[in-house]
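Read the figures in this text as sums done on the coordinates, not as results from a lab. Everything numeric in this text was worked out from a predicted model, so none of it was measured. Cβ placement follows ideal geometry from the backbone for every residue including glycine, while neighbour counts extend to all protein chains displayed.
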Amino acid sequence: MNIDSIDEPKKIDIRTYLSTVMRRKWIIIAFLIVAVTYSAYKEVKKIPIYTTLAQVIITQKKLSGLLQRGQGISIEGTNSSFFVTNERVLRSRSLATKVLSAMDYKNSREYTQPRKAKLFSLKGFSRGNSSQKPKKIVSAKKAQESGGSIKYEVNDALINNYLSKLSIQNIEDSGIVLIGFTGTHPESLAKMANMHATKFIDTKLELRFAASQDAIKWLQEHIVDKKMSLDAAEEALLAYAQKHKILDSGESSGVVEQKLEVLKSNLSETRKKRIKMKLLYDLTMQYTKDPSLTRLIPEIMNVDIIKELEAQYSKLQTNKSEISKKYGKKHPDFIKIDLQLKLLRNKIEREKSSLIPKIKSDYKALLVEEEAFKKAYNDYVPEVFELNKRKGVYRKLLREAESERVYYDLIIKRMKETNLAEDLKTSNVSILDPALVPRRPIGPTRNSQIMKGAIFGLALGIGLAFFLDYLDNTVKSTEDVENYLKATLLGLVEKARPAKENVNINTELMAHDAPKAVFTEAIRNIRTGIMLSTTDSPHKVLLVTSTRQGEGKSFIAANLAITFAQTGKKTLLIDTDFRRPRQHKVFETDLKPGLSNHFIGEIDLESIIRPTVVPNLNLVTCGLIPPNPSELLGSHNMEKFIDTVRNRFDMVIFDTPPAMTVTDSIVLSRFIDGVVFVIKSGQTPKELTRRALLQFKKSNSEVLGIILNLVDISKGSYYSYYYSHYYKYGYGYGVESPKEKRKRKKREKKEAKA
């Protein structure tokens, strides 16, 4: 047995945890009850919480579709950032300030009458904190004279608490944004949500106007850069075409077969038409957004009827200008010509619109034709790879040059326009559904909070149970014996409790008087463990000891001797506890004469060996209490005595004093075959027991194992598991099973009532 190491166990049985929980179950239950009660009390005191939502719809409207930095100047931003930007605006402090300034929050219950529950009250609006109350900045008298309303100062505390109630939710791919407010006063929440939506619309209008001004400034700054980019693109296109002898028509240099030339020529011609038609198509699509773009579309402007109508329009404009200078804008002729101009412009636009379907059809036809030529042409790619590569570069340069040209022309055109604010007269935000006064509260979630409190209390109780178990340094389980003491557990012995109807049973001799009791089965199990501890040389002489007084070693020694005698072995029980002898009381005999009387020569061996009520069991009491027990037990006479009884008896058991009290058991252990150590469960410190075991190791004595005595199986699930197999064989007289005990108590209660 290795008892030097006291390392913690590497493998933990789940029953260890269950045992700890069962031993401390009342602590855990107490914490659980307190936590649930406290959580329920807190939840009952909480004030109902309401929420309301206002729905607004936001469309992604750009300034004009033409003013774009690089790829686009949009007031609303790109698609990915569009709703993020709007959410930032909705959560901004500036918007909150506008809303609060417009609201009569001085008389709002949501601000001036926060409820007592701290969890849901508006921070900073407590009547007891005057520094955070809204202050008047326009008196009632001045407001009445001016026909306005009383205004109050909007401080940081007011804004912070306002924003703490605000929630913004974007419904993806719908353009709908939900503006929510949460608080304790339903009416005020609905007003806040609707006012927030209204002020958001006003703010968006202001931002759009500011964006238009930025766009004009940007056009002025970048027109020169765009001109330089256009010139550079055209020069690069021309240089590349000259270097590689690429004609504008896209025809080949004549180095490939005629069929390839024909395909290439057709493809190039088709592509050229498609590119031109693409520009025309794109401008036509833009025409639906900005009618002024038709001036850039020759195919539309060169139509005879449109040219004729445009000439008439220009002539009328000239007449209008002359009349305006000569007679003024209120002259009847000026008004007449102005009306004619409007009618003529409408007619021109109708004519232009009638040309759009043909342009679309021609463009789609060119796309189909180009794809057909491209497929045929791609069959010859291995032969004309270099040519295609050069043409690819050329087309890229051509597209860049054309793109730069179109972009530059658009900027020039836009710069000539004077009414940029036309696109900003309407807002792209509108209220879809105003907020309604909520009727049902959304919180508090009492059941959830109580459940959390229960979990917290349970966890705290279990944690404390394990902490107390950690502080408990006594030997109380099989794990303590096997992992800390590194010893063999011979068995667990429950406290012997005779049934009420068996009052004549001697509890000191339970193994004899109650042979079918659980206690007796446990002692028999220990006996079997001792007998099987070795097969080569059976242990005939045993020493039973303990760490300190009161652990039940004498009781265990007596009943262990009884179980050996019940197997038919001639057994001798010797009481060598000269400090506090007890076996003579157990077997109800005289203390003298005994072992000490034999050693001093007063009486022979046969006279001190006494028969008992148990067949095959004899007893030797300690006799006269000597002044020097240790010297007596370690003497040569004791060694000769042990040799004598070893030869005469099949089993010899010595009941010795506690190992940590005196050295008697250590001295005697040199002459015996094995030591049986008795420990009182839950009472004996681990370290004290370890030191006692070390003493036996130093004396080269073999410790067969440890018996855990006086185990209370009701305090640990593992003990119950250990003893459960005994109950399956049925109880004899002497000890009640827990089930029988419960039945007996119920029966007694019924008899008492009757």
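Starting from the 7 Å offset along Cα-to-Cβ, what nm value, one decimal, do you get for the label separation of residue 285 and residue 326?
4.8
Non-local amide H neighbours of residue 683 (under 5 Å, H modeled in plane, Pro and chain starts lacking H): which ones?
475
Once label points are set 7 Å from the Cα along Cα→Cβ at both residue 349 and residue 41, what is their separation, rounded to one decimal in nm?
Here the answer is 7.6 nm between the modelled labels.
Of 626, 652, 614, which is farthest towards the positive pole of region 473-753's charge dipole, taken about the Cα centre with +1 and -1 on the beta-carbons of Lys, Arg and Asp, Glu respectively?
Sorting the options by dipole projection puts first 614.
Residue by residue through region 193-201, what is 3J(HN,Hα) from phi via Karplus (6.51 cos²θ - 1.76 cosθ + 1.60, θ = phi - 60°)? Round to whole Hz and write x for glycine and proline.
Residue by residue, region 193-201 yields 5, 5, 5, 5, 5, 5, 5, 5, 4 Hz.
Give the whole-number value, in cubic angstrom per residue, of the convex hull volume spanned by the C-alpha atoms of region 601-670. Mind dumping the intermediate values first?
Values: hull volume 8.0 nm³, N = 70.
It is 114 Å³ per residue.
Could you list which residues have their amide H under 5 Å from that of residue 652, counting only those 5 or more apart in sequence or on another chain, with H placed in the peptide plane?
The list, which skips near neighbours in sequence, is 541, 542, 572.
For 656, 528, which order do you get if you count the other beta carbons within 10 Å of each Cβ and list the fewest first? Numbers along the way, then the final one.
Working: 656 29, 528 14.
Ordered from fewest to most neighbouring Cβ atoms within 10 Å, 656, 528 come out as 528, 656.
Using the Cβ atoms and a cut-off under 14 Å, what net charge is assigned to the surroundings of residue 541, where Lys and Arg are +1 and Asp and Glu are -1?
On the way: positive: 540, 569, 570, 640, 646, 648, 670; negative: 639, 643, 650, 655, 673, 702.
Overall, the nearby charge balance is +1.
At a Förster distance of 25 Å, what's the computed FRET efficiency of residue 239 paired with residue 275, Cβ-Cβ distance as r, to 0.05? Please report the intermediate quantities before stating the final value.
On the way: r = 20 Å, r/R0 = 0.80.
Once the sixth-power term is evaluated, E becomes 0.80.
Within a 10 angstrom radius of the beta carbon, how do 315, 585, 686 rank from fewest other beta carbons to most? Don't skip to the end; give the middle numbers.
Numbers: 315 10, 585 13, 686 18.
By the 10 Å Cβ count, ascending: 315, 585, 686.
Suppose we look only past 34 Å in the calculated P(r) of region 473-753. What percent of the Cα-Cα pairs does that tail hold?
Working: 7575 of 39340 pairs.
So the pairs more than 34 Å apart make up 19 percent of the total in region 473-753.
Could you check the simple spin-label distance between residue 605 and residue 207, using points 7 Å along Cα→Cβ, in nm with one decimal?
Result for the modelled spin labels: 11.0 nm.
If each residue's Cβ is checked for other Cβ atoms within 10 Å, how do 88, 405 rank with the fewest at the top? Please report the intermediate quantities before stating the final value.
Numbers: 88 12, 405 15.
Ascending number of Cβ neighbours within 10 Å: 88, 405.
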